[in-house]
Amino acid sequence: MQTGKFTTSLDTQVEEVFGRPITALYQDIETTPAVRRVLEIRAMLAVVEQHLDQIRDRLHTATAPNRNCAELADEDLTVDAEWLAAAGRSRNRHAQAITSLLRAEPPASHSNQARTASEATARSAPSPPLRASSVLPHR
């Protein structure tokens, strides 16, 4: 899986929810299922958004004001428009999947507080009581 080389439109939200930069989240990918799922979908989102940028740039170049209209090819514009629509739908589905996963996660500050509280409880918890059978002699 790529290591966050490309940015996506949802990176800020992912970082806010998990409380860490994207590059740091890749360190947790094997131990945290939620992070793994988000980063897998994020990788696909990055590819789709990069593709959208390429199509947009191609359309802008083809329809630039200084271009000769006689050079415009209907078929090329139609194919680009279809690609743009398909990539847009794919981008929306990936973004929706990430957003749904992020909504299911507790906020980073809440999970950090919960983790700190559970660690403190574990450190201060008394040792378990001895079982009666281990204390009383057998008859």
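The values are calculated or read from the model by the stated rules, or taken from the named source; none is laboratory data. Not measured: the values here are computed from a predicted model. Cβ coordinates were reconstructed from backbone atoms using ideal geometry, including for glycine residues, and neighbour counts include every protein chain displayed. Heavy atoms of the whole protein, side chains included, go into the accessibility calculation; ligands, DNA and RNA do not. Shrake-Rupley method; radii C 1.70, N 1.55, O 1.52, S 1.80 Å.
At-a-glance table
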read-out: Tally of residues being surrounded by 14 or more Cβ atoms within 10 Å (Cβ to Cβ) and assigned to a helix (DSSP H, G or I) across region 27-36; value: 4
read-out: Hits in region 1-20 - residues which are outside any helix (DSSP H, G or I), modelled with pLDDT of 90 or more, open to solvent by 50 Å² or more (accessible area, probe 1.4 Å) and within 18 Å of residue 95 (Cα to Cα); value: 7, 9
read-out: Counted residues, region 37-57 - those being surrounded by fewer than 16 Cβ atoms within 10 Å (Cβ to Cβ) and not acidic (Asp, Glu); value: 4
read-out: Residues that are out of contact with any helix residue (DSSP H, G or I) (no Cβ under 9 Å at 6 or more places or on another chain) and touching a residue at least 24 places away in the same chain (Cβ under 8 Å), drawn from region 27-45; value: 40, 43
read-out: Options 23, 116, 31, 61; residue that is under 16 Å from residue 10 (Cβ atoms) and either at pLDDT below 90 or not hydrophobic (A, V, I, L, M, F, W, C) (or both); value: 23
read-out: From 24, 62, residue being open to solvent by less than 60 Å² (accessible area, probe 1.4 Å) and either in contact (Cβ under 8 Å) with a residue 24 or more places away in the chain or more than 13 Å from the chain's Cα centre (by Cα) (or both); value: 62
read-out: Any pair with Cβ under 7 angstrom, 6 or more apart, that starts in region 80-92 at a residue that is under 13 Å from residue 45 (Cβ atoms) and open to solvent by less than 50 Å² (accessible area, probe 1.4 Å) and ends at one that is part of a helix (DSSP H, G or I) and among the hydrophobic types (A, V, I, L, M, F, W, C); value: 87/48; 87/52; 87/55; 88/52; 90/48
read-out: Complete set of residues in region 21-66 that are small (Gly, Ala, Ser) and under 21 Å from residue 101 (Cβ atoms); value: 24, 34, 43, 46
